[in-house]
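Here the structure comes first, spelled out in structure tokens, and everything after it is commentary.
Computed from the coordinates by the stated procedures, all read-outs in this text should not be read as laboratory data. Remember, predicted model here, so these are calculated numbers, not experimental data. Using ideal geometry, Cβ is built from the backbone for each residue, glycine included, and neighbour counts are taken over all protein chains shown.
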Amino acid sequence: PAKKIAVVIGSLRKDSLNRKFAHEIIALAPPSLEFEIVEIGELAIYNQDLEENGATAPQAWTHFRQRIKDADGVLFFTPEYNRSIPAPLKNAIDVGSRPYGSSVWSGKPAGIVSISPGATGAFGANHHLRQCTVFLDMPLLQQPEAYIGGAANLLGADGKLNNDSTKQFLKKFIDTYATWVETNARK
Ligand code: FNR
């Protein structure tokens with residue numbers, strides 16, 4: 001059966017380049033993977049008081065955790081905000097990592113694609129996210145690294161990827177990630 005991949009997109013805006021590229025990569029993926037975009041915009045900012053000492057965790061947190069738990073792997077798409085990851089993405093990571101000892105990220109084979117209209121391909125965000133995956137104990141695909149710079153210029157007026165070498169690279173990335181998931185999935 002196909003492996004279920006949770007897609008987490010670090011931008012909340014409607015016309016997000018990251019979301020557009022997520023759809024491009026999903027379209028290029030081999031049939032051994034199926035994808036579900038897991039939205040993060042409705043997650044309350046993490047606060048231990050909301051679920052500790054007898055409090056019941058917000059439903060959006062519980063729902064989010066379950067969807068990640070049900071996945072065989074996680075593919076992150078991140079913009080760069082001030083050389084780091086956007087707050088909603090960090091929040092989603094924090095929500096999924098708790099309660100202590102029950103992180104839903106643990107062991108999930110991960111991939112990171114960072115996307116920016118700028119020249120540096122959101123390198124800073126990509127590597128801050130990598131730092132989180134170390135502590136979260138996610139086996140992270142190391143190569144190829146995916147830093148997509150000048151991203152706005154790679155899309156046509158229809159919002160679709162119109163650059164052949166980028167398409168080839170993304171195909172190679174997602175094929176390698178598919179093999180990574182097969183090799184590292186725990187269930
Ligand atoms: C940015 N942007 C940005 N770009 C970049 O390459 N490096 C950076 O450090 C930042 N910093 C930054 C901070 C904040 C608060 C915002 C709102 C934006 C620009 C960013 O790359 C651009 O808005 C992208 O289009 C965001 O990704 P989505 O929403 O298109 O997926």
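Restricting to region 7-37, give me the number of residues that are more than 16 Å from the ligand (Cβ to nearest atom) and not in a helix (DSSP H, G or I).
Looking only at that region, the number is 8.
Could you tell me whether any residue of region 67-81 is near the ligand (Cβ under 9 Å from one of its atoms) and either polar (S, T, N, Q) or surrounded by fewer than 20 Cβ atoms within 10 Å (Cβ to Cβ) (or both)?
yes
Check whether at least one residue in region 86-97 is surrounded by fewer than 17 Cβ atoms within 10 Å (Cβ to Cβ) and assigned to a loop (DSSP other than H, G, I, E, B), and report yes or no.
No, that holds for no residue.
Check whether at least one residue in region 138-151 is assigned to a helix (DSSP H, G or I), within 16 Å of the ligand (Cβ to nearest atom) and not polar (S, T, N, Q), and report yes or no.
yes
Could you please find all residues in region 163-182 being closer than 22 Å to Asp137 by Cα and without any contact (Cβ under 8 Å) to a residue 40 or more places away in the chain?
Of everything in region 163-182, those that are closer than 22 Å to Asp137 by Cα and without any contact (Cβ under 8 Å) to a residue 40 or more places away in the chain turn out to be Thr176, Thr179.
Can you name the residue in region 98-120 that is under 17 Å from Glu145 (Cα atoms) and in contact (Cβ under 8 Å) with a residue 60 or more places away in the chain and is also surrounded by the most Cβ atoms within 10 Å (Cβ to Cβ) among such residues?
Looking at residues that are under 17 Å from Glu145 (Cα atoms) and in contact (Cβ under 8 Å) with a residue 60 or more places away in the chain, I get Ile115.
Picking from Ala122, Ala178, which residue would you name as being on the phi > 0 side of the Ramachandran plot and among the small types (Gly, Ala, Ser)?
Selected residue: Ala122, the only one of Ala122, Ala178 that is on the phi > 0 side of the Ramachandran plot and among the small types (Gly, Ala, Ser).
Taking the conditions exactly as written (among the small types (Gly, Ala, Ser) and over 14 Å from the mean Cα position of the chain (by Cα)), does Ala57 satisfy them or not?
yes
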